[in-house]
Amino acid sequence: MTRRSVARTLVYLSLILATLVVLLPLAVVFLTSLKSSKEMANGSGALALPDDPLNLDNYVTAFRDGQMLSAFGNTAIILVVAVGGTILIGSMTAYAIDRFHFRFKKLVVTLFLLAALVPGVTTQVATFQIVNSFGMFDSLWAPIALYMGTDIVSIYIFLQFIRSIPISLDEAARLDGANAFAVYRKVIFPLLKPAIATVVIVKGINVYNDFYIPFLYMPSEDLGVISTSLFRFKGPFGAHWETISAGAILVILPTLIVFLFLQRFIYNGFMRGATK
């Protein structure tokens, strides 16, 4: 019992320490966003409480001067189209790999695995040339196409779930006269809801937080997304950390809300995909 109590105490201490490591920077950013420029100039401590806890002037400045409304709109368009395309392409690809038998099937799966191991930065020169040759540079289509075409992880998530679906369901649908696409649309796809939720959250957060691709392929200011708009605060607001912190909180809030509402799908999705 003594060893068990010590082990449990160590577990709780490690969890508390991990929680503090995660929440402490967020607390600093949040408190900074509520402080005035005068408080920041006076050198108030990072964890010092603001004089006015309801001071929202920094949020107004960040939202207005940082063109956050336009950035949210561009981000939403890219997010919806890219994630929707990823779900469609990933689930269809996983269905074809698992249910159909064709030559070089193992080679195709191996190539997918190798593609996931290649660092994306090593192919950026060739990728940029291809995107530019298609006339997609400096448009919303550039990040959309790149996000949809480079997500090997989503294919493997769908593949694990499809392997857990009995083939007898496919055979029953075939006896009723359904073709391959009808089997996918009416049998396979509705059973992939946990996998779809997992891909939506994981892929969505990745697209929402990505800075490199929008910054490289959409240099125009009117095409700014959340990450690049926040980066532009370094100019006129380079020394105003209270405004930068307010912009960071505005960026964090949507993903935090979505994660809190859909976190059970993440855990259930990964657990089912790993065990079946």
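Test Ala145 against the stated conditions and say whether it is farther than 26 Å from Asn209 by Cβ, part of a helix (DSSP H, G or I), out of contact with any Cys (no Cβ under 8 Å at 6 or more places or on another chain) and at pLDDT 85 or above. Spelling it out, it is not the case that Ala145 is farther than 26 Å from Asn209 by Cβ, part of a helix (DSSP H, G or I), out of contact with any Cys (no Cβ under 8 Å at 6 or more places or on another chain) and at pLDDT 85 or above. Restricting attention to region 138-168, and to residues there that are aromatic (Phe, Trp, Tyr) and over 15 Å from the mean Cα position of the chain (by Cα), which single residue is most open to solvent (accessible area, probe 1.4 Å)? The qualifying residue most open to solvent (accessible area, probe 1.4 Å) is Trp141. The residue of region 129-139 that is farthest from Asp222 (Cα to Cα), among those that are among the hydrophobic types (A, V, I, L, M, F, W, C) and assigned to a helix (DSSP H, G or I), is Ile130.
Note on region 169-213: among residues that are within 16 Å of the chain's Cα centre (by Cα) and among the small types (Gly, Ala, Ser), the one that is farthest from Asp138 (Cα to Cα) is Ala195.
Only residues that are in contact (Cβ under 8 Å) with a residue 12 or more places away in the chain and of a type in the set (Val, Ile, Thr): list them for region 102-153, please. Those that are in contact (Cβ under 8 Å) with a residue 12 or more places away in the chain and of a type in the set (Val, Ile, Thr): Val109, Thr127, Val131, Ile144, Thr150, Ile152, Val153. Residue-level analysis places Thr32 outside the set of residues that are assigned to a helix (DSSP H, G or I), within 15 Å of Phe233 (Cα to Cα) and either in contact with a Pro (Cβ under 8 Å, 6 or more places away or on another chain) or open to solvent by less than 40 Å² (accessible area, probe 1.4 Å) (or both).
The residue list Phe189, Phe181 contains one member that is touching a residue at least 60 places away in the same chain (Cβ under 8 Å) and either assigned to a helix (DSSP H, G or I) or open to solvent by less than 60 Å² (accessible area, probe 1.4 Å) (or both), which is Phe189. Residues in region 82-115 that are open to solvent by less than 60 Å² (accessible area, probe 1.4 Å) and either closer than 20 Å to Trp141 by Cα or modelled with pLDDT under 85 (or both): Ala82, Val83, Gly84, Gly85, Thr86, Ile87, Gly90, Lys105, Val108, Val109, Phe112, Ala115. Does Ala126 count as surrounded by 13 or more Cβ atoms within 10 Å (Cβ to Cβ) and either at pLDDT 85 or above or not in a helix (DSSP H, G or I) (or both)? Answer is no for this residue.
Could we say that Ser139 is modelled with pLDDT of 85 or more and out of contact with any Leu (no Cβ under 8 Å at 6 or more places or on another chain) here? No; evaluated as a whole, the condition is false for this residue. Number of residues in region 23-80 that are touching a residue at least 24 places away in the same chain (Cβ under 8 Å) and among the basic types (Lys, Arg) equals 1.
Count of region 52-72 residues, restricted to those that are exposed (fewer than 13 other Cβ atoms within 10 Å of the Cβ) and either in contact with a helix residue (DSSP H, G or I) (Cβ under 6 Å, 6 or more places away or on another chain) or part of a helix (DSSP H, G or I) (or both), is 3. Criterion first (in a helix (DSSP H, G or I), touching a residue at least 60 places away in the same chain (Cβ under 8 Å) and open to solvent by 20 Å² or more (accessible area, probe 1.4 Å)) does Val207 satisfy it? Criteria not met by Val207.
The values are calculated or read from the model by the stated rules, or taken from the named source; none is laboratory data. Quantities reported herein were computed from a predicted structural model and do not represent experimental measurements. Neighbour counts are summed over all protein chains in view; Cβ atoms, including those assigned to glycine, are modelled from backbone coordinates with ideal geometry. For accessibility, only protein heavy atoms count, side chains too; no ligands or nucleic acids. Shrake-Rupley method; radii C 1.70, N 1.55, O 1.52, S 1.80 Å.
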